[in-house]
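What follows is a short report on a single structure.
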Amino acid sequence: MRKFARSFSRIFSLAFLLFLIAINAPAQTAANIADDDLTGEDLEIRKVALDALGTAEGTVVVMNAQNGRILTMVNQDWAIRNSFKPCSTIKIVTGIAGYSEELIRRDGSLANGSYRLGLDQALAYSNNAFFQKVGADLGNEKMIFYAGRLGLGTVTGINAPGESPGRLPFGNSNLRIYSHADDFEVTPLQLAVMVSAVTNGGRLVVPRIPKTEREKANFRGYLRRTLDIEPKIYKRVIPGMLGAAEYGTAKVIPNDLRVAGKTGSCISKGSWVGLFASAAPVEDPLFSVVVITRGKYARGRHSAAIASKIYQALRPRFGKRYDRRLIAANPSTEDERSAGRPDGKPSVTKTASSRPTGTVPARRGSKAEKRKSVEEMFPTIVIEPGKTEITRQRVIDKQ
């Protein structure tokens, strides 16, 4: 009887503690947001993100997907200094690893055995069994290798203090690491860098906050390295990421926004976590938007809905190329959207069919407008785990 009473007391105490944490969480989130450093932020985009997040307990990162400029980080403590279980967003890594190791065929089907879904549908619908089947043949060490190559498990190098490196699942042989991301921890910033690299031609950028008005007006990005993965491999997950928004778990996003993203929903550290990691417009991604929410009702689709509001508000900044594509598909649509990147400058026109993978366009006005490989133009930046400062910084791209 005494043992029962002690056990009941412990359970009750734990439940009451979780209840106190739950009712206090929104207040803590509000306090975190109030403490955010607004230096270098685009206050217009910050307002959009705050309005979209509303009263949800969460964080929002909006980053330039081409050059890593941080446009806003709502709840910076969560965005930089805290790490989260990435839940089903890890399926992007499993998909890339599986395709690279020839465990997934070119058409998206499994190389070993059979399954009712292919890679595209499995990503779009976030099918756990498909990725566990891939993981069973992939193994822990290779999964960790590809996660590391995509920027997970180490600091991004942002010029802000206290960045968390996250965690990789060393020694875990459970199949859930490939589908649910057990034993993984990532920061929202790492997810933003990862989805940007997958969609921007393989450039793993270093997130940067412009600290002065001069830096803000003449922002230059920094390249960490290019993905040492064949472009056809990391691009193979993009159709499934588009499918998530068009017909899958993130269907709340209008199709014409051309968002490539991945939702995630799972329980982490005693509460539900909802994630959405994305970039748009996918043909020439300008924005990377990551939303993570926590709480009883937090799910990936709810985080996707928050991201959808942000993208819709940012639609006027998508640029002329986006408008030309939209008008070509809908001849009656008027070109009412203002062109340009967040600083008001015209967007650089890039053609998917003519742009060689792993290259960047020369500046306009050059005689031949030659294209050079990223490796030729920008030496690799070395970022050591646990350090947030960059050595040998190199410019990569104007905003």
Exercise. May I ask you to say which residue of 273, 291 is over 14 Å from the mean Cα position of the chain (by Cα) and under 20 Å from residue 80 (Cα atoms)?
Key: 273
Practice problem: Write out, first by first residue and then by second, each pair whose Cβ atoms fall under 6 Å of each other, whose residues are 6+ apart or on separate chains, and whose first residue, in the stretch 52-65, is farther than 14 Å from residue 310 by Cβ while the second is assigned to a helix (DSSP H, G or I). | Solution: 57/25; 57/26; 57/29
Practice problem: Look at the stretch 179-199 and say how many of its residues are part of a loop (DSSP other than H, G, I, E, B) and either acidic (Asp, Glu) or surrounded by fewer than 24 Cβ atoms within 10 Å (Cβ to Cβ) (or both). | Solution: 2
Quiz item: Does residue 143 qualify as being under 24 Å from residue 299 (Cβ atoms) and out of contact with any Ser or Thr (no Cβ under 6 Å at 6 or more places or on another chain)?
Solution: no
Quiz item: If you check 120, 137, 107, which single one turns out to be more than 22 Å from residue 194 (Cβ to Cβ), surrounded by 14 or more Cβ atoms within 10 Å (Cβ to Cβ) and among the charged types (D, E, K, R)?
Solution: 137
Quiz item: Which residue, of 277, 313, is surrounded by 24 or more Cβ atoms within 10 Å (Cβ to Cβ), at pLDDT 95 or above and on the phi < 0 side of the Ramachandran plot?
Solution: 277
Quiz item: Looking at the stretch 200-220, which of the residues that are at pLDDT 90 or above and part of a strand (DSSP E or B) is nearest to residue 284 (Cα to Cα)?
Solution: 203
Quiz item: So which of 148, 162, 153 is small (Gly, Ala, Ser), farther than 15 Å from residue 78 by Cβ and not in a helix (DSSP H, G or I)?
Solution: 153
Quiz item: Residues 252, 259: which one is modelled with pLDDT of 95 or more, closer than 21 Å to residue 59 by Cβ and surrounded by fewer than 18 Cβ atoms within 10 Å (Cβ to Cβ)?
Solution: 252
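The values are calculated or read from the model by the stated rules, or taken from the named source; none is laboratory data. This is a predicted model, so every value here is computed, not measured. Positions of Cβ are generated from backbone atoms using ideal geometry, with glycine treated the same way; all protein chains shown enter the neighbour counts.
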